[in-house]
Ligand SMILES: *Cc1c(COP(=O)(O)O)cnc(C)c1O
């Protein structure tokens, strides 16, 4: 579409997509194994392997695959008994599923501003947002960088609140040596096509409290005690609670399990992509014309993405257009939830200065396991040219 014939950028056409899902190991073989096993519904062999190995490695009480992070967030809201009028503190700079999970139960998201450097929920603003109706805090580990979890857990402990981590970007990210998603009460991962690890559409619910484990598996399986029946603990299963259907097919578990086994390779590739962009763009950062996301020294990231912030909001559309004209598909990110049509209708609108500024300035560069060094060099060269840098 954007054939690149400009001699300035070298030979041939460069058309670099924003994202590409990548096959890294035994995905295809596992799919065939799953289909041939005759058990392709939820919780076949591959799903069980994911559950057991992920829980052990992450240090969680229980990990249950779900059809998406969105359904994991819904299950989290149900487990925390979010009900009409209950409030959940969350950033506005996040995906719509955080707010949906709360609103679907009649609850109310309370949007709090983010930190201008980490782009994460500003923990210093949480205490003043707490009311008698607050039931939970929902930190979102933006771009795979963990929120300040010790402080958030401490605030939650003092006010008797649940902590639901939206770790959709943060599978295998760490915070002070612990895995994101396993630091709060409940964690939610996404394995959507656009995330670092993927099975197309998928997610996981991480349960860190013993009392959530048996209820979690019931809510996820249509509110039935079928999981106990499958284990032979009861003679028949029946409707024992409210629930949804959130079990992914074992074919999806088969894809994910292959990615899980190659996780070190995937993280290493993404780390290298991230490091190359950071190095190529360091001169622009030093000049102050762009800003990169701060990763606190006690956090390691999943390398979900590479983003930069333009100094001025007016620059962003021009930079995106310049990139597009040169075959580079860069994108913006979340439209702040508090400014959305639904939030305005629901009376959730407010003013969040940092969120609004960041949302208007963010640019995410093409990022996937298989992007090549020459492709990355091209992307960086187009950005540098935009700023008339050598
Ligand atoms: C992608 C994303 C989700 C939703 O993930 P799905 O698996 O597509 O439901 C939730 N939260 C954040 C922050 C996300 O980026």
message = If I go through segment 183-196 residue by residue, how many of them are buried (at least 24 other Cβ atoms within 10 Å of the Cβ) and either farther than 26 Å from residue 368 by Cβ or more than 10 Å from the ligand (Cβ to nearest atom) (or both)?
response = 5
ask   = Can you tell me which of 390, 346, 353 is farther than 21 Å from residue 18 by Cα, surrounded by fewer than 20 Cβ atoms within 10 Å (Cβ to Cβ) and modelled with pLDDT of 95 or more?
value = 353
remark   = When every residue in segment 37-51 that is surrounded by fewer than 22 Cβ atoms within 10 Å (Cβ to Cβ) and in a helix (DSSP H, G or I) is compared, the one farthest from the chain's Cα centre (by Cα) is 37
remark   = Given the conditions (1) at pLDDT 95 or above; (2) touching a strand residue (DSSP E or B) at 6+ places or on another chain (Cβ under 9 Å); (3) assigned to a loop (DSSP other than H, G, I, E, B), every one holds for residue 105 apart from (2)
task = Take segment 148-175 and flag every residue that is within 19 Å of the chain's Cα centre (by Cα) and assigned to a loop (DSSP other than H, G, I, E, B).
result = 148, 167, 168, 169, 170, 171, 172, 173
task = Scan (1) within 14 Å of residue 58 (Cβ to Cβ); (2) touching a helix residue (DSSP H, G or I) at 6+ places or on another chain (Cβ under 8 Å); (3) within 16 Å of the ligand (Cβ to nearest atom) for the single condition residue 207 breaks and write down its number.
result = (3)
ask   = Which number in (1) assigned to a loop (DSSP other than H, G, I, E, B); (2) touching a helix residue (DSSP H, G or I) at 6+ places or on another chain (Cβ under 9 Å); (3) more than 14 Å from the ligand (Cβ to nearest atom) marks the one condition that residue 217 misses?
value = (1)
message = Is it the case, given these coordinates, that residue 180 is closer than 19 Å to residue 63 by Cα, within 16 Å of the ligand (Cβ to nearest atom) and surrounded by 22 or more Cβ atoms within 10 Å (Cβ to Cβ)?
response = yes
query = So which residues in segment 90-110 are away from the ligand (no atom under 14 Å from the Cβ) and touching a residue at least 60 places away in the same chain (Cβ under 8 Å)?
reply = 103, 108
ask   = Just one of 1, 54, 14 is at pLDDT below 95 and either farther than 20 Å from residue 369 by Cα or under 25 Å from the mean Cα position of the chain (by Cα) (or both); which is it?
value = 1
task = Determine the pairs where a residue that is within 30 Å of residue 303 (Cα to Cα), located within segment 129-145, has a partner that is assigned to a helix (DSSP H, G or I) and within 15 Å of the ligand (Cβ to nearest atom) with Cβ atoms under 7 Å apart, the partner being 6 or more residues away or on another chain.
result = 138/98; 140/98
query = From the residues in segment 118-131 that are out of contact with any helix residue (DSSP H, G or I) (no Cβ under 7 Å at 6 or more places or on another chain) and within 20 Å of residue 101 (Cα to Cα), which one is nearest to the ligand (Cβ to nearest atom)?
reply = 121
Pairs with Cβ under 6 Å, 6+ apart, first in segment 58-70 and under 16 Å from residue 260 (Cβ atoms) and modelled with pLDDT of 95 or more, second within 14 Å of the ligand (Cβ to nearest atom) and not in a strand (DSSP E or B) = 65/248; 66/72; 66/246
ask   = From the residues in segment 60-89 that are under 19 Å from residue 147 (Cα atoms) and more than 9 Å from the ligand (Cβ to nearest atom), which one is surrounded by the most Cβ atoms within 10 Å (Cβ to Cβ)?
value = 76
message = Suppose we filter 268, 258, 204 for residues that are modelled with pLDDT of 95 or more, surrounded by 23 or more Cβ atoms within 10 Å (Cβ to Cβ) and under 25 Å from residue 166 (Cα atoms); which single one remains?
response = 204
ask   = Which one is nearest to residue 122 (Cα to Cα), of the residues in segment 297-355 that are in contact with a helix residue (DSSP H, G or I) (Cβ under 6 Å, 6 or more places away or on another chain), free of Cβ contacts under 8 Å to residues at least 60 places away in the same chain and not in a loop (DSSP other than H, G, I, E, B)?
value = 309
message = Testing residue 359 on (1) touching a strand residue (DSSP E or B) at 6+ places or on another chain (Cβ under 9 Å); (2) under 27 Å from residue 124 (Cβ atoms); (3) in a helix (DSSP H, G or I), one condition comes back false. Which one is that?
response = (1)
query = Restricting attention to segment 280-293, does a residue exist that is assigned to a loop (DSSP other than H, G, I, E, B) and closer than 18 Å to residue 367 by Cβ?
reply = yes
Cβ pairs under 6 Å, 6+ apart, first in segment 184-196 and more than 12 Å from residue 140 (Cβ to Cβ), second away from the ligand (no atom under 12 Å from the Cβ) and assigned to a strand (DSSP E or B) = 185/162; 185/163
request  = Assess whether residue 172 counts as being buried (at least 23 other Cβ atoms within 10 Å of the Cβ) and away from the ligand (no atom under 16 Å from the Cβ).
outcome  = no
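The values are calculated or read from the model by the stated rules, or taken from the named source; none is laboratory data. No experiment lies behind these values; they were computed from the predicted model shown. Ideal geometry is used to build each Cβ from the backbone, glycine not excepted, and the neighbour counts take in all protein chains shown.
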